[in-house]
Amino acid sequence: MGMNVTTAGELIPERVMREQRDSSLRRTLLFASGAMVLLLASVLVSAVLGAVHISPRAILAALGGNHAALSTAEQMILLQVRLPRIVTAGIIGAALSLAGVLFQGLFRNPMADPYVLGTSGGAAVGAAFGIFLFPATTLLGFSAAASFAFLGSIVTIILVYSLARTGGKTPMVPLLLAGMAVSIILGEASSVLVYLGDEVSFNARNLALWLHGTITAISWPQILLASGMLLAGGILCIPLRPVLDLFALGEEYAQQLGIRIELARAALIIVASLFTAAAVLLGGVISFVGLLVPHIIRLMVGPEHGRLLLLSAICGASYLILADTVARTVHAPSEFPVGIITAFIGAPVLIYLLRRSKREYAL
Amino acid sequence: MKSFLRMMTRVLMAALLLSSCAFASRVVRDEVGRDVTVPDHPHRLICLAPSVTDTVYRLGRGGDIAGVTDYTKYPAEAAEKPSVGGIINPSLEKIVSLQADLVLAVADLNSLELVHSIERLGLPVFVVHPLGLEGIYRSIEDIGGVIGEPAKARELVGLLRQREQAVRQRVAGKDAPTVFYVLWHDPIMTAGHGAFITELIEIAGGRSISSDLAAEWTRISFEVVLARQPRYLLLVRGSETTLEALRQQANWRKLDAVRNARVFYVDDRMIFSSPVALDALEELAREFHP
């Protein structure tokens, strides 16, 4: 955080600066522990609720060492169906929220979401390929739809980035527009596949469900792979945090302070894309999470990126865990696409916070 | 003492034999070519599609069904069984909780991803893939084989074949009415080549004007319908696409069949790849050739 020393340091005494920093750290820790409590509560609520009723008392007893409290089927449901799914939802929620913070910070645009570079279009085409052409194939335990969507989203980002690049630079407005254009083309291309094939077929319905976000049962090795991506991205976020704070003040300003703009942009895009692709791999396209969670957290704790990233990840995880709990219980024993639930819960919360917020809200 | 030992050995042998019976399993190949290890005598079945449920009931094993899917209608008593959810998005938790020993699924209805998820939980899944009437017969025999009712399955298929033959004989040599099957009117959706209903229309002695369309279920332009002027419309009973609804639209009134109210009806049994489809076939033949 060289910024404080070089700019404000001359005007504000060192002691005041340190006090401010300390109180800011205290606040962050306070918020983070609050968020962790929320996450823990979400996991517990989600573990207790499901299409099959398992008594919370029996679960507690089993946790306390009395394994006979739960039947074999109940143990299987908890450990092999519910728990992997809770963890998966948490990873997706955290990854999407982090991608949202990074892209909103990069573009300084409140409409930026994890799919801003056309990822959703690439994922849709990939998923359609997987579902229509290779319905019986799996790769590393992931379905062909998930694997191709993962590839599709990565290829799309590379394509959009190279489309927007001119003269060794990647200006932001062309990047945004290229992302939008490519996303629209690819999104419609996946519809072409549907209409050429069979509109009311099982495959088409399956694709529609997938494009609304469906967290299926995933086994631990796949979860491990995805959490590896989340962890790697999270570590890369640490050096990017101050860069984002400087970007918020304006790129010229950041450049004056010695930030290599192009390199920083590329790094932000790579990390954010890693998060998005990991989320696509696990749950398809889930809208609103990556857009709403960063805004909600920013409205609550302010724009400083270190705090924003940390809290968005934790709260994003709880948000999707809770949304997925609704998705699998509201119409039980059938399941709802989680993307519908995230929109219905998240949008009203954002509107409420915007209306309540007294100060002017900007990124 | 010796006789006691001999007796004990016998008891032990018998116990071993019995237990090996109870847990005996074998490997069978399902209709999508996967080798599945299934119990020799499955007694708790989950049927992941209504057609499979109907077939199991017709093989006399409805009592062994532990779970079905939503909207199961045939036979009526099957609707009383616990449901594991919809065909594409059932609950894995519910499936595990029913403690079944065999799951029966249908390719093209249940996703392979779902099948894999169930198998990861240690439950064998036998997948059938019935295409057309011949496919239905094959699936009945395969399901009969896997649940231990091969003789009953052969008998049932024999009966169903006789009924199919009877229909064919009754309509043989009669003028085939041209029909347009309207699955939905806006956008206009119909069935093309390879769809089960197209096959049923032909066997029942009709001629579908859309049997040359490549996709099983597809949109069709109204111009084509107009140009082909079907003598009859074939509507699904109970659907919102009714003659009254069509008559209110100027376009549809250009069709002779609509103006003169020439309509046949078929009910939802024709979408099931199971024995009830034969009921639909016989009814369709009676509509075409009263």
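Values in this text are rule-based calculations from the coordinates and carry no lab data. These figures come from a predicted structure and were not determined experimentally. Please note: Cβ atoms are built from the backbone with ideal geometry, for glycine as well, and neighbour counts cover all protein chains shown.
Legend: mean number of C-beta atoms from other chains within 10 angstrom of residue C-beta atoms, peptide B:110-122, equals 5. Take each residue of peptide A:141-151, count the partner chain Cβ atoms within 10 Å of its Cβ, and average: the result is 1. Membrane-span-like helices in chain B, defined here as complete DSSP H runs extending at least 20 Å along the helix axis by their C-alpha atoms with mean Kyte-Doolittle hydropathy no lower than -1.0, are B:2-23, B:132-147, B:150-171; this is a sequence and geometry rule, not a statement about a membrane. Considering helices alone, the calculated mean residue ellipticity of chain A at 222 nm is -24500 deg cm²/dmol, with DSSP H runs of length four and up weighted by -39500 (n - 2.57) and normalised per residue. Here the dipole of the protein assembly as shown is about 960 debye; that uses its Cα centre as origin and unit charges on the Cβ of Lys and Arg (positive) and Asp and Glu (negative). If you sort the three axes of the alpha carbon gyration tensor as a ≥ b ≥ c, you get a/c of 1.5 or more for chain A and a/b no higher than b/c, which makes it oblate.
Shielding by partners for peptide A:94-100, expressed as the average number of C-beta atoms from other protein chains within 10 Å of each residue's C-beta, is 0. Scoring A:94-103, A:68-77 by mean Cβ neighbours within 10 Å over their residues and listing the highest first yields A:94-103, A:68-77. With contacts taken as Cα pairs under 8 Å and at least 6 residues apart, chain A reaches a relative contact order of 28 percent. Remark on B:Ser208: its backbone amide H falls under 5 Å from those of B:Val179, a criterion applied only to residues 5 or more positions apart or on other chains, H modelled at 1.01 Å from N. Ranked by how many other Cβ atoms sit within 10 Å of their own Cβ, fewest first, the residues A:Leu186, A:Leu282 fall in the order A:Leu186, A:Leu282. Here A:Ile286, B:Ile203 are placed in order of increasing Cβ neighbour count within 10 Å, fewest first, which gives B:Ile203, A:Ile286. Relative to one another, the C-alpha centroids of region B:173-213 and region B:32-73 are positioned 31 Å apart.
When the helices of chain B are scored as -39500 (n - 2.57) per DSSP H run of n ≥ 4 and the total is divided over every residue, the value at 222 nm lands at -13000 deg cm²/dmol.
The label-point distance for A:His67 and A:Gln256, in a model that sets each label 7 Å from Cα toward Cβ, rounds to 6.6 nm. Projected label points at A:Met36 and B:Asp175, each 7 Å from Cα along the beta carbon direction, are separated by 8.5 nanometres. The overall shape of the protein assembly as shown, judged from the alpha-carbon gyration tensor, is oblate: a/c is not under 1.5, and a/b is no greater than b/c. For B:Lys81, a cut-off of 16 angstrom between C-alpha atoms picks up these aspartates and glutamates, skipping any fewer than 8 places away in its own chain: B:Asp54, B:Asp64, B:Asp70. One chain, two ends: A:Leu177 and A:Met17. Fully extended at 0.36 nm per residue, the span grows by 53.5 nm beyond their Cα-Cα distance. Computed over chain B, relative contact order equals 14 percent, with contacts defined as Cα pairs under 8 Å that lie 6+ residues apart. For region B:211-290, applying the loop criterion from DSSP together with a ceiling of 13 other beta carbons within 10 Å to the trypsin sites (Lys or Arg not before Pro) yields B:Arg237, B:Lys254. Within chain A, the longest run free of exposed loop sites, counting trypsin sites (Lys or Arg not before Pro) that sit outside DSSP helix and strand states (H, G, I, E, B) and have at most 10 other Cβ atoms within 10 Å, spans A:1-357. Placing R0 at 41 angstrom, the Cβ-Cβ distance between B:Lys254 and A:Thr138 gives a FRET efficiency of 0.20 after rounding to 0.05. Charging the Cβ of each Asp and Glu at -1 and of each Lys and Arg at +1, and nothing else, the dipole of region B:230-290 about its Cα centre rounds to 440 debye. Centroid-to-centroid, using Cα positions, region B:76-124 and region B:242-267 are 40 Å apart.
With R₀ fixed at 56 Å, the C-beta to C-beta distance from B:Arg161 to A:Ser219 puts the FRET efficiency at about 0.80.
With Cα atoms defining each centre, region A:276-296 and region A:48-83 are spaced 29 Å apart in the structure. A crude spin-label estimate for the pair B:Arg219 and A:Ser162, with each label 7 Å from Cα along the Cβ direction, gives 3.4 nm. Look at the alpha carbon pairs under 8 Å that are at least 6 residues apart: their mean separation over the length of region A:302-363 gives a relative contact order of 23 percent. Estimated from the Cβ-Cβ distance and a Förster radius of 25 angstrom, the FRET efficiency linking B:Arg34 and B:Asp70 is about 0.45. Candidates A:Leu96, A:Val52, A:Ile86 compared by Cα position along the dipole of region A:1-140: farthest toward the positive end lies A:Val52, with charges placed on Cβ.
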